[in-house]
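Just dropping this structure here.
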There are 2 protein chains.
Amino acid sequence: MYLPEPIVNLIDGFQRLPGIGAKTAQRLAFTILKMDDEDVADFAQALIQVKRDLKICTVCQNISDQDICDICQDKSRDTSIICVIQETKDLIAMERTREFNGLYHVLGGAISPIEGIGPEQLKIPSLLERLSDEKVKELILATNPNMEGEATAMYLSRLVKPFGIKVTRIAHGLPVGGDLEYADEVTLTKALEGRREV
Amino acid sequence: MYLPEPIVNLIDGFQRLPGIGAKTAQRLAFTILKMDDEDVADFAQALIQVKRDLKICTVCQNISDQDICDICQDKSRDTSIICVIQETKDLIAMERTREFNGLYHVLGGAISPIEGIGPEQLKIPSLLERLSDEKVKELILATNPNMEGEATAMYLSRLVKPFGIKVTRIAHGLPVGGDLEYADEVTLTKALEGRREV
């Protein structure tokens, strides 16, 4: 295929991103070509800055532009509850609810023998350190509701029990706005098991 | 939503691209965060270079890293046929067939009264110049098979007729691998009209 090198390089760059195939990469590259010089420069700058300026919070392993992230530094947050999640994007999802005012701990994944990820690849030592140091009263296990997430939650709950800390797991059940008719059996079973008096 | 500024800027950057919403932009930004420093630097560089190094070919209005594009400079190509297309991406599609060995002319769009694009916004003067200067024997009108493309083809064919040049339009019909059953009436009518002896 005939194309000048600069645009081939840009198409290549886009194609390395997940979910972007050859056609989309080409469309995006041509969009860049038509955009303002300044907007493109800003975008290129944002790419470089994200790699240069972001660090991992030394306390909760969240991404941050400082050594300790804004959440860990926030005096108004309840330091007695730690919510354990797999990735930073899960933290964003939790923050979006505006219902949780405790701290977080980002594991960096979940136990998955198939992918060769064991507990030693996760940020578990720093979590245990926090549990012994701080006045933590509750640990919420908010790993994903799939096999890997459940295994990780199970593993952590056994590991943390000796600390005498309350360990909870987020509820499974029907998603709000969902249809009973279309719910799978496992979810419906979990929803039944988790029923509460009203 | 809580997030450090560098990543917010990057998410914003991705979101300005077509077909990329908030969720996808966030996913892409987090992918960048996990990529090698070098790969990200290359991508940022590609963005900047595409804006800095690419020009419009002074002959055919195709994008190029030189004043005259590789196709127009290629001595092995047939200079007696010019294929008129709307955009550079249509040129790429044509080149992909490996069936066309003539030259191109990129109009930069199609006549569209709704979008306020008239013939004067298209690269028609430079096309007419080429037709009078060069030994062009055939002009293939390969604008899109929709209303705007047809209107542009019609306009051009009337404009070029006085030059005494053969003007052709790419065929309409059933796409290869398509189903007669699912073809729309207009396409089927065109396919019937364009039938050829076998």
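Every number in this text was worked out from the coordinates using simple rules, so none of it is lab data. Note that this is a predicted model, so its numbers are computed, not measured. Don't worry about glycine lacking a Cβ; one is built from the backbone with ideal geometry, like all the others, and counts go over all protein chains shown.
If I take R0 = 56 Å and measure r between the Cβ atoms of A:S76 and B:A183 in this structure, what FRET efficiency does the formula 1/(1 + (r/R0)^6) give, to the nearest 0.05?
Working from the Cβ atoms, E equals 0.30.
If you take each beta carbon of peptide B:52-63 and count the beta carbons of other chains within 10 angstrom, what is the mean?
Rounded to a whole number, the mean comes out at 2.
Counting only helical runs of four or more DSSP H residues, what would the 222 nm mean residue ellipticity of chain B come to if each run contributes -39,500 (n - 2.57) and the total is spread over all its residues?
Taken over chain B, the calculation gives -13500 deg cm²/dmol.
Next question. Among A:F30, A:Y2, A:L188, whose Cα lies farthest out toward the positive end of the dipole of chain A, if unit charges sit on the beta carbon of Lys, Arg (+1) and Asp, Glu (-1)?
Of the listed residues, the answer is A:L188.
Something else about it: Of all trypsin sites (Lys or Arg not before Pro) in the range A:92-198, which ones are in loop regions per DSSP and have a Cβ with at most 14 other Cβ atoms within 10 Å?
For trypsin sites (Lys or Arg not before Pro) across the range A:92-198 that sit outside H, G, I, E and B with at most 14 neighbouring Cβ atoms in 10 Å, the list reads A:R98, A:K135, A:K137, A:R195, A:R196.
Another question, if that's okay. Once R0 is set to 51 Å, what does the formula 1/(1 + (r/R0)^6) return for the Cβ-Cβ distance between B:D53 and A:K123, expressed as a FRET efficiency to the nearest 0.05?
E(calc), rounded to 0.05, equals 0.75.
Oh, and also: Spit out the partnerless Cys residues in chain A, using Cβ distances under 4.7 Å as the pairing rule.
A:C60, A:C72, A:C83
Further question: Where nothing but the Cβ of Lys and Arg (+1) and of Asp and Glu (-1) is charged, how large is the charge dipole of the protein assembly as shown around its Cα centre, in debye to the nearest 20?
Here the size comes out at about 220 debye.
Could you tell me the relative contact order of chain A? Use alpha-carbon pairs under 8 Å, at least six residues apart, and round to a whole percent.
13
Same structure, new question: Straight distance only, please: which lysines reach the Cα of B:K123 with their own Cα at less than 28 Å, same-chain residues fewer than 8 apart left out?
Hits, sequence-local ones excluded: A:K23, A:K34, B:K51, B:K55, B:K75, B:K89, B:K135, B:K137, B:K161, B:K166.
What size of dipole, in debye to the nearest 20, comes out for the range B:5-53 about its Cα centre when the only charges are +1 on Lys and Arg C-beta atoms and -1 on Asp and Glu C-beta atoms?
Around 360 debye, computed over the range B:5-53.
For the range A:66-101 and the range B:1-47, what is the centre-to-centre distance using only Cα atoms, to the nearest Å?
22
With the cut-off at 1.5 for a/c, could you classify the protein assembly as shown from its C-alpha gyration tensor as rounded, prolate or oblate?
In terms of gyration-tensor shape, prolate.
Which residue, A:I165, A:I68, A:I20, tops the fluctuation ranking in a GNM of chain A built on C-alpha contacts under 10 Å?
Comparing A:I165, A:I68, A:I20 in a Gaussian network model of chain A, the most mobile one is A:I20.
What ratio of Cα Rg to 2.2 N^0.38 Å holds for chain B?
The value comes to 1.32.
Strictly greater than 13 Å: what percent of every Cα pair in the range A:83-150 meets that?
65
Using a 7 Å offset from Cα along the direction of the beta-carbon, what are the separations from B:E115 to the same position in each other copy, nm, ascending?
Distances between equivalent label points, in nm: 4.1.
Loop-only check: which trypsin sites (Lys or Arg not before Pro) in the range B:40-85 are DSSP coil with at most 10 other Cβ within 10 angstrom?
B:K75
How about the range A:31-140: which GluC sites (Glu not before Pro) there lie in a loop by DSSP and see at most 13 other Cβ atoms within 10 Å?
A:E99, A:E115, A:E134
Dipole magnitude of chain B about its Cα centre, charges +1 at Lys/Arg Cβ and -1 at Asp/Glu Cβ only, in debye to the nearest 20?
Roughly 540 debye, rounded to the nearest 20.
Summarise the partner chain shielding of B:28-34 as one whole number: the mean count of Cβ atoms from other chains within 10 Å of each residue's Cβ.
5
Once you place label points 7 Å from the Cα toward the Cβ at B:A93 and A:E197, how far apart are they in nm?
So the two model labels end up 6.7 nm from each other.
Give me A:C72, B:C57 sorted ascending by neighbouring Cβ count inside 10 Å, so fewest comes first.
A:C72, B:C57
For the range A:5-53, what does the alpha-carbon gyration tensor say about shape, rounded, prolate or oblate, given a ≥ b ≥ c as the root eigenvalues, a/c under 1.5 as rounded, and a/b over b/c as prolate?
oblate
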